[in-house]
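Chemist: Would you mind keeping the following structure in view while I ask a few things?
The values are calculated or read from the model by the stated rules, or taken from the named source; none is laboratory data. The model shown is predicted, which means the values in this text are computed figures rather than measured ones. Positions of Cβ are generated from backbone atoms using ideal geometry, with glycine treated the same way; all protein chains shown enter the neighbour counts.
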Amino acid sequence: MRAKGMRRIGAVAAAVAVTLTAGTAASAGDRGRLSDKEAFDAILERQQQAWVDEDGAAFAATFHEDGDMVTFNGDYLAGREAIAEGMQYYFDGYIEGNRIAILDEHVRYVERDVVVIVRETCLINDGESECRADSLSTNTNVLTRERGEWLQTSFQNTRQFSF
């Protein structure tokens, strides 16, 4: 009888230990997600600052070396160097005096080290507080973590318009 009772106590203790460990693992995973979110926000802030500074190289630095970008007008820029050159071309000739505003954001993990972020954005001209009417966009950002660092792998921007 005594051995049977000890086995039962041992089984209960093991179940409690598994339950507590599972809770700790989930909490650690949640903490990891929060730090991931901070990394995503830091990338976005770097991208927004590069936009304000009209700095193609700084904008491209948010991408992996082999990253891809499809611009609002359909230009395909393959690789960080092409993204830097392409964005500098846009900054020098077409983009000036505005900033990017984030209107909505959805983050979805595809895998542990792959995340898709869909954002609705607009441009706000310097000195104004409202979105420029012709600038509403939806963009898809694919970020991957390599060697512990999150960067963009792919970015695709679509200008919104009514039919």
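Chemist: Modelled with pLDDT of 95 or more and under 18 Å from GLN156 (Cα atoms): is that true of GLU130 in this structure? Give the steps one after another, and end with the answer.
Modeler: Working: modelled with pLDDT of 95 or more: yes; under 18 Å from GLN156 (Cα atoms): no.
So GLU130 does not fit the description; no.
Chemist: What number goes with the only condition from (1) in contact with a helix residue (DSSP H, G or I) (Cβ under 6 Å, 6 or more places away or on another chain); (2) closer than 17 Å to VAL142 by Cβ; (3) part of a helix (DSSP H, G or I) that GLU65 does not pass?
Modeler: Against the list (1) in contact with a helix residue (DSSP H, G or I) (Cβ under 6 Å, 6 or more places away or on another chain); (2) closer than 17 Å to VAL142 by Cβ; (3) part of a helix (DSSP H, G or I), GLU65 comes up short only on (3).
Chemist: Then there is this: Residue by residue through region 123-140, note down the ones that are touching a residue at least 60 places away in the same chain (Cβ under 8 Å) and within 10 Å of ASP104 (Cα to Cα). Before the answer, list the steps.
Modeler: So the first thing to find is which residues in region 123-140 are touching a residue at least 60 places away in the same chain (Cβ under 8 Å), and the list is 137.
Correct list: empty.
Chemist: Let me ask something additional. Pick out the one residue from THR62, THR21 that is at pLDDT below 95 and surrounded by 10 or more Cβ atoms within 10 Å (Cβ to Cβ).
Modeler: Details: THR62 fails: at pLDDT below 95.
Exactly one of THR62, THR21 is at pLDDT below 95 and surrounded by 10 or more Cβ atoms within 10 Å (Cβ to Cβ), namely THR21.
Chemist: Let me ask you something else. Going by the conditions given, is GLY86 on the phi > 0 side of the Ramachandran plot and in contact (Cβ under 8 Å) with a residue 12 or more places away in the chain? Let's see the steps before the verdict.
Modeler: Numbers: on the phi > 0 side of the Ramachandran plot: no; in contact (Cβ under 8 Å) with a residue 12 or more places away in the chain: yes.
So GLY86 fails the test.
Chemist: Continuing with this model, one more query. Determine, yes or no, whether GLU120 is outside any loop (DSSP other than H, G, I, E, B), in contact (Cβ under 8 Å) with a residue 12 or more places away in the chain, more than 12 Å from the chain's Cα centre (by Cα) and surrounded by fewer than 17 Cβ atoms within 10 Å (Cβ to Cβ).
Modeler: On the way: outside any loop (DSSP other than H, G, I, E, B): yes; in contact (Cβ under 8 Å) with a residue 12 or more places away in the chain: yes; more than 12 Å from the chain's Cα centre (by Cα): yes; surrounded by fewer than 17 Cβ atoms within 10 Å (Cβ to Cβ): yes.
So GLU120 fits the description; yes.
Chemist: Another question, if that's okay. Mind telling me which of the residues ARG145, ARG99 ends up being of a type in the set (Lys, Arg) and surrounded by 15 or more Cβ atoms within 10 Å (Cβ to Cβ)?
Modeler: Values: ARG99 fails: surrounded by 15 or more Cβ atoms within 10 Å (Cβ to Cβ).
None of the others qualify; the one that does is ARG145.
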